[in-house]
1. Being touching a helix residue (DSSP H, G or I) at 6+ places or on another chain (Cβ under 9 Å), assigned to a helix (DSSP H, G or I) and free of Cβ contacts under 8 Å to residues at least 60 places away in the same chain is the filter here, so list the residues in segment A:531-544 that pass it.
2. Looking only at segment B:14-40, filter to residues that are closer than 15 Å to residue C:6 by Cβ and at the interface with chain C (Cβ under 9 Å from one of its Cβ atoms); which one of those is surrounded by the most Cβ atoms within 10 Å (Cβ to Cβ)?
3. Residue under question is residue C:18, and the condition is that it be under 15 Å from the mean Cα position of the chain (by Cα), away from chain A (no Cβ under 14 Å) and either farther than 29 Å from residue B:118 by Cβ or in a helix (DSSP H, G or I) (or both); does it hold?
4. Looking at the structure I just gave you, is residue A:655 part of a helix (DSSP H, G or I), surrounded by 11 or more Cβ atoms within 10 Å (Cβ to Cβ) and at negative phi?
5. List the number of the failed condition for residue C:39; all other conditions in (1) at pLDDT below 95; (2) surrounded by fewer than 24 Cβ atoms within 10 Å (Cβ to Cβ); (3) in a helix (DSSP H, G or I) hold.
6. Condition first: under 23 Å from residue A:501 (Cα atoms) and either without any contact (Cβ under 8 Å) to a residue 12 or more places away in the chain or surrounded by fewer than 24 Cβ atoms within 10 Å (Cβ to Cβ) (or both). Now tell me which residues in segment A:428-441 satisfy that.
7. Might you check whether a residue that is within 37 Å of the chain's Cα centre (by Cα), in contact (Cβ under 8 Å) with a residue 40 or more places away in the chain, closer than 25 Å to residue A:317 by Cα and surrounded by 11 or more Cβ atoms within 10 Å (Cβ to Cβ) occurs anywhere in segment A:562-580?
8. Given the structure, is residue A:248 assigned to a loop (DSSP other than H, G, I, E, B), in contact with a strand residue (DSSP E or B) (Cβ under 9 Å, 6 or more places away or on another chain) and modelled with pLDDT under 90?
């Protein structure tokens, strides 16, 4: 039973297609099932279901957005799901401008990846299964963005974690891949536990009544909910973000996740799943706002550390995907840091999330194209590819420029908005952002030059990838160029009319901020060009002594985790488990066995003495009686006659006297 | 006690003694002879009871024929002539049973009649009366008995035939 | 003028003696003799009662008994002789094929 589809804001425009947002989330489920059952038999081994579903989903997402383009308001609908005591949990959708934007992001990137994988994963041993999990993942992410209550969001969140694990470990035959998958899963899990408890706290704040996001958002602002409770909830929720969006200190899984196929990196670890953590903060923003101010400061600190640290780590990577991975961590931290600034920061963070999805996915897919051609991930084995792979080169260049923040590409506009938001009162954040922008530009330039310019340093004859792979690159490049204008001040910044926290913020163009950001980016690019124009060997970033080794060893964080946490726990826990198993479990089992055996012996005794005794006794009695009675059958006639006479006498007396 | 009764008691005593000797004799021929005496005594008792036909038939058949048969039987079966134990192991039980039978019978007699019971006045028993009754009223059983005797005769012949044909 | 119970008593004695003989004797012929003794006792009884009731039927039956006894002795001895032929003995104790 569907509870009424209500228009939550009073305006004259009907809900239109926005009511059908849930269809977009269900389509990938259907395609996953179809691929699972019929994929192997379908020509092309099953990509068609996913591609069809994503195309339809994309079209539908655009139609949903159209409702908001026309100025429509948020729409929601739900069905009752389950009830525990006073808690009523529904399953439903809440569709506002943010939801529509997120849906566009997910369906666009997912469609690009689906098409791209036709070429990239061609001939793979688990091609069909790959598409199944891709579809399941997309369904889960869409579920997260349209969910109207925290429980449903959590379900999608966890399913995404599972799909990430499955896809990172897609080539699990190699130990390093399965280890990376396990690392990703466990580290994000460490963040998921506080997230879960955060949900519990929020449910408690509603009086154990509801998990609905809108209701929670309204309630936390009320006077009867304690600030401490709200702060606790905010911090716990942020734990989930730290895990899922790979912030310090749980960022360690994302670089290792590059062991998975490149389309997976593009979809999950660039554009969507890792963005879910940022989305969570933004969606639950009223909780963060009504918490103690220290909470947002904490968010900002974590974001700041991650942002700058990850940018530095990107400098010393030779693996092109690792550069992009650390870059992703850094960019996500940009968004998180912006969130800590205030509602304006929140909105600009979402804008950056939007643009970042496009250019990061583009970069990953283009890198995949390069890897596919060169059969190596390492930039030191690349170079001079701009002639041989022109489409890849130009799309990669656009993506890199966007990443570095070069106007008029999308990345510039969104980064600019972030800086503007930070500039109003948060100087430290602002400065850090600028510095990071410079470093970002530097390593981006390094990446482009090492990969495409100069002389080819590898083996074989790399050539351009097939159209099925370059097509999505071009599409994403188009997006990279154009979507930035959605949020630019001079084009009426329509993006912020769709995505806003409570009230749309006016968007202004601040010249000095823009100038500074262009300067920072330009500085980074020039420096990068200068250092790498000659393709120096060995790479200069490794020549910086202790600084280089610190970065190369990733600030020794992995060692700290392994020796400080993983090994002791594993050894202690396993020792405890062994003790438990040997003494308690085996004790119980052996004890039971002993008991059974004793019982069996006792029963045997009983059976032998009592029961057999009884049976034998009966037999013996029968034999004994028979032995007695046999004397009746002596064969002796006179014996018989004797009995006869006795009987006669008795009978005679009895008959006559009785 | 009348004279008849005395005679009867004497006869009865003789008969009893000979009967007892019959069943306890150690010599089979002696036993057969005692049988003769007993049967004769019984015949005498019949005569005392004025059953003259039955009495003479008794003497004729029993003493005359049956005892001879017995003697033949004894001779043909090489009966051990001499003092050998002719009693089997259940003598004691047999004695008890015999005494029991006697006791039972005496009990029955005594409960039916007192010891000074009815006196017999022997009246019927002449041959003529017997003949009348036998050939009128009881002619059918008579014929049946004749069949029986025929069957017995044939049976005895058949049974004792030596089966040594080639 | 004989008292009936005396006669009956005599008959009873004869009968019991016959019973003893049947049960106690080892020789088959002697057993047959004892049987004859029993039959005679029965005859005495029959005759006595026929005189009590002044009915000759009792004596008629005594005749029948004598006839039957004769037949029986004939057959019985034939059987005894057959047993003797087969077994070389007429010790009844040894004729016990129907023994358990």
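1. A:540
2. Residue satisfying both the conditions and the ranking: B:15.
3. So residue C:18 does not fit the description; no.
4. It is false that residue A:655 is part of a helix (DSSP H, G or I), surrounded by 11 or more Cβ atoms within 10 Å (Cβ to Cβ) and at negative phi.
5. Among (1) at pLDDT below 95; (2) surrounded by fewer than 24 Cβ atoms within 10 Å (Cβ to Cβ); (3) in a helix (DSSP H, G or I), the lone unmet condition for residue C:39 is (1).
6. The one that is under 23 Å from residue A:501 (Cα atoms) and either without any contact (Cβ under 8 Å) to a residue 12 or more places away in the chain or surrounded by fewer than 24 Cβ atoms within 10 Å (Cβ to Cβ) (or both): A:430.
7. no
8. no
The values are calculated or read from the model by the stated rules, or taken from the named source; none is laboratory data. These numbers come from a predicted model, not from an experiment. Note that each Cβ is placed from the backbone with ideal geometry, even for glycine, and that neighbours are counted across all protein chains shown.
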